[in-house]
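Every read-out reported here was derived from the displayed coordinates using simple, explicitly stated rules and does not represent laboratory data. In this text the structure is predicted, and so the values were computed from the model without any measurement. Note: ideal-geometry Cβ built from the backbone for every residue, glycine included; neighbour counts use all protein chains shown.
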Amino acid sequence: MTAAVGGTRWVPMTEGHNSIGRASREAFERSQKVFVDGTTRVTIERDPIPRYVARGEGAYLVDLDGRRLLDLNGNFTTLIHGHGFAPVIEAVTRQLRSGTCFANPTLAEIDLAELICGRVPGAETIRFVNTGSEAVMFAIKAARAFTGRSSIAKIEGAYHGAYDWVEVSQASMPDNWGPEDDPARVPYYRGMPASVLDEVVPLRFNDAEQAERRIAEHAERLAAIVLDPMPSRAGLIAPHPEFVAAIQRAAARHGIVLIADEVLNFRQGYQGASARHGLTPDLFTFGKIIGGGLPIGAIAGRREVMNVFDASGGRPLLPQGGTFSANPLSMVAGLASMNALDHAAFDHLEALGDRLRDRLTGAIAKHRAPFSVSGAASLFRIHPKPALPRDFREATPNAAEAGVMKELTRAFTDAGIALPYGAAACLSTPMTTGDVDLVASVFDDFLTTRGDLIGSLAA
Ligand SMILES: Cc1ncc(COP(=O)(O)O)c(C=O)c1O
């Protein structure tokens with residue numbers, strides 16, 4: 001029996017996947033009294049009870065009931081060195097003794113800025129904030145202040161955080177996404193202002209012709225094109241070189257600021273994702289890995305555009321501040337984490353990722369199963385689709401496919417592996433070939449033993 005509490009469905013202790021232990025169940029009982037849905041982030045996975053974590057240990061997380069899982073989520077791809085990375089612990093411990101935040105700049109922010117600007121071609125100057133969402137918000141505002149225009153173009157289905165304009169068409173569905181050649185502006189929440197919807201031009205990923213055409217049609221009002229080079233929720237699909245070139249050309253031709261959102265994909269290499277995929281944006285947004293596990297975001301790019309933040313001569317074109325921006329804890333944690341991400345670390349992650357994707361696709365071929373695998377470097381995503389999707393629409397699972405993915409996630413959980421569902425899964429530097437081979441063998445077992453279920457996909 002379930003009861004409605006204040007309009008919310010109450011999940012009783014007995015429900016849920018059998019790998020969720022008593023301590024998580026008790027925690028969820030408590031939390032349902034203080035959080036409307038029992039959690040305080042919409043992105044928390046639940047089945048229907050979430051797993052509460054006691055601690056992380058390298059590549060593993062340990063839940064309240066003592067269950068250890070290989071962590072392929074890494075707090076949504078943040079923890080590139082896994083949990084409890086010694087250099088981060090040392091740096092943060094040292095910093096804690098000297099102070100956690102000041103209304104003054106510190107040397108730590110210069111150190112991290114020098115590291116990032118020294119690595120990323122085109123990141124001439126940088127500004128720190130607290131989250132990826134905030135970075136995207138300020139990058140868009142910077143583009144507006146620079147161009148004097150207000151609208152943006154973005155990729156249908158791409159996730160860029162919690163700023164209204166980038167939330168448009170973030171979760172379009174087949175019943176509302178409209179024609180392929182003119183994707184609908186779909187509100188993300190009830191009451192989203194119509195004026196926001198009017199200021200967003202959704203584009204299909206990897207459709208070069210459409211991108212150039214639609215950008216040209218709306219050019220006079222477009223301040224920015226926001227592009228994640230490999231949008232995770234839109235499929236984690238590699239950008240076609242023609243698409244990258246078309247976006248680049250259109251931005252240059254019409255004087256639109258090109259923003260590469262690398263909050264997630266900066267982990268694709270020493271210089272990040274844009275360099276890897278041949279994109280040269282005006283601005284970048286960063287987050288996740290550059291904070292070493294503490295909250296962070298950053299906007300970087302061409303000095304001419306970044307000058308909108310310049311307050312040295314009085315009020316800048318775009319005033320930007322924040323109580324906790326560039327707080328020294330995030331700065332020193334980020335520096336320790338990034339310093340350890342040398343070429344050898346990226347080579348290790350690249351080799352692990354290649355090995356895993358090879359083995360997963362090998363298992364698919366062996367079983368002639370209707371699955372495909374996308375990703376690059378330390379990122380991968382399994383699709384319940386026989387042909388590799390080319391964009392968000394193709395990557396969106398139907399009901400049967402979503403059901404199969406849920407069972408796959410459960411099978412991974414049963415085998416002691418936390419696999420994120422419907423988004424990018426990631427590897428971390430403490431992982432070994434043994435770990436990725438285990439992931440591949442659990443997938444192979446699933447394909448071997450769940451033919452009945454998988455058959456529903458082909459039907
Ligand atoms: C590409 C991208 N942009 C922006 C964000 C928002 O970052 P945050 O959750 O730190 O606000 C995310 C978060 O997953 C992201 O993946």
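Observations
- Spin-label pair SER456/THR361, simplified geometry with 7 Å Cα→Cβ offset, distance in nm: 2.9
- Within the range 1-94, the GluC sites (Glu not before Pro) that combine a DSSP coil assignment with at most 14 other C-beta atoms in a 10 angstrom radius are GLU15.
- Each part reduced to its alpha carbon centroid, the range 312-352 and the range 243-275 end up 19 Å apart.
- Within the chain, the longest segment free of exposed loop sites, counting trypsin sites (Lys or Arg not before Pro) that fall outside DSSP classes H, G, I, E and B and have at most 10 other Cβ atoms within 10 Å, spans 191-367.
- Between ARG68 and THR93, the FRET efficiency from the beta-carbon distance, with R0 = 30 Å, is close to 0.75.
- Sites ASN398 and ARG55, calculated FRET efficiency, Cβ-Cβ separation with R0 56 Å, nearest 0.05: 0.90
- Relative contact order of the chain, defined on C-alpha pairs under 8 angstrom at six or more residues apart (%): 19
- Relative to the current alpha-carbon distance between GLU180 and LEU107, full extension at 0.36 nm per residue lengthens the span by 21.3 nm.
- Based on Cα contacts under 8 Å between residues 6+ apart, the range 273-339 shows a relative contact order of 35 percent.
- Spatially proximal lysines relative to LYS141 (Cα-Cα < 20 Å; intrachain offsets below 8 disregarded): LYS154
- Theoretical gain in end-to-end length, THR14 to ALA345 [0.36 nm per residue, Cα-Cα removed]: 114.8 nm
- The calculated Kirkwood hydrodynamic radius for the range 108-176 is 14.1 Å, given to one decimal from all distinct C-alpha pairs.
- Stretching the chain fully between SER31 and ASN75 yields a gain of 13.8 nm (0.36 nm per residue, less the alpha carbon separation).
- Residues of the range 311-355 with an amide N closer than 13 Å to a point placed 7 Å from the Cα of ALA162 along the Cα-to-Cβ direction: none.
- Sum of side-chain charges, VAL436 neighbourhood, beta-carbon under 14 Å (Lys, Arg +1; Asp, Glu -1): -4
- FRET efficiency for the MET173 to THR280 pair, using the beta carbon distance and R₀ = 35 Å, is estimated at 0.55.
- For ASN75, the shell of other residues with beta-carbons less than 14 Å away shows a net charge of +3, using +1 for Lys and Arg and -1 for Asp and Glu.
- Scaled against 2.2 N^0.38 Å for its residue count N, the alpha carbon radius of gyration of the range 261-409 is 1.35.
- Dipole orientation for the range 360-423: of the candidates THR409, SER378, PRO389, PRO389 has the Cα lying most toward the positive pole (charges on Cβ; Lys, Arg +1; Asp, Glu -1).
- Secondary structure note: in the range 252-342, about 60% of the DSSP beta bridges are antiparallel.
- Cα-centred dipole magnitude for the chain, charges only on beta-carbon of K, R (+1) and D, E (-1), debye, nearest 20: 600
- Per the Cα gyration tensor, the chain maps to an equivalent ellipsoid with semi-axes of 34, 28, 23 Å, ordered largest to smallest.
- Nitroxide proxy distance, nm - points 7 Å out along Cα→Cβ at GLU304 and ILE44: 4.7
- Alpha carbon centroid spacing (whole Å) that separates the range 109-140 from the range 36-58: 30
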